Amino acid sequence: MNSEIIQNLRSDIDELDKQLMALVEKRAQLVLRLSDEKKQLGMTEYDPTREQAIIERLYQEFKPTFSQSEIEAIFKPIFKASLRIQQA
Ligand SMILES: C=C(O[C@@H]1C=C(C(=O)O)C=C[C@H]1O)C(=O)O
C-alpha cells in the first residue's frame, strides 16, 4: 500500500537523519581536539582557507548531485557550530 511505503521511507529518512547528526557530533569532537592542538601552537581557530578547501574537495566529489553553493549551505553552519564549540 502506498501509505505504508511512505511510512517506511520516512522511517528510513529519520534513521539517516539521526546518523547524520551523530556524525556531525563526532566531527565536532575531532574539531575540538584539533583546536586544543592549535591553541598550543598559537594558531588561530578560524581558518577560512581550510574551510574553502573542504568545500572545494566535497564539490569535486559530489558535483553530479550537489552544486557548490548547496555544499556551502550545508557546511558553513557546521563550521560555524564547530567554532562556537571551540570557543565555548
Ligand atoms: C578544524 C579546524 O578549525 C576550524 C574548523 C574547521 C572545520 O570545522 O572543519 C575548519 C577550519 C577552521 O575554521 C581546522 O583548522 O582544520
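Any read-out appearing in this document is the output of simple, stated calculations on the displayed coordinates, not a laboratory observation. Predicted model only: the values in this text are computed from it and were never measured. A quick note on method: Cβ atoms are made from the backbone with ideal geometry, for glycine too, and the neighbour counts reach across all protein chains shown.
For the chain, what does the helix formula give at 222 nm: sum of -39500 (n - 2.57) over DSSP H segments with n ≥ 4, over the residue count, nearest 500 deg cm²/dmol?
Numbers: 3 runs with 74 residues, N = 88.
One gets -30000 deg cm²/dmol as the mean residue ellipticity at 222 nm.
State the number of lysine pairs found in region 2-87 whose Cα atoms come within less than 27 Å, restricting to pairs 8 or more positions apart or on distinct chains.
15
State the Kirkwood hydrodynamic radius of the chain in Å, one decimal place, computed from all pairs of distinct Cα atoms. Write down the numbers at each step before the final one.
Values: mean 1/r = 0.0659 Å⁻¹.
Every distinct Cα pair counted, the radius reaches 15.2 Å.
Please sort by residue number the GluC sites (Glu not before Pro) in region 6-88 whose DSSP state is loop and whose Cβ has at most 16 other Cβ atoms within 10 Å.
Numbers: sites: Glu15, Glu25, Glu37, Glu45, Glu51, Glu56, Glu61, Glu70, Glu72; in loops: Glu45.
Of the GluC sites (Glu not before Pro), the ones in loops of region 6-88 whose Cβ has at most 16 other Cβ atoms within 10 Å are Glu45.
If you take every residue apart from Ile54 with its C-beta less than 14 Å away from the C-beta of Ile54, what net charge results, scoring Lys and Arg +1 and Asp and Glu -1?
Details: positive: Arg27, Arg50, Arg57, Lys76, Lys80; negative: Asp47, Glu51, Glu56, Glu61, Glu72.
With Lys, Arg at +1 and Asp, Glu at -1, the net is 0.
Which listed residue (Met21, Gln40, Gln7) has the Cα farthest towards the positive end of the charge dipole for the chain, taking +1 on Lys and Arg C-beta and -1 on Asp and Glu C-beta about the Cα centre?
Of the listed residues, the answer is Gln40.
Does a label point 7 Å from the Cα of Thr44, set along Cα-to-beta-carbon, have any residues of region 51-88 with amide nitrogen under 18 Å, and which are they?
51-54, 79-88
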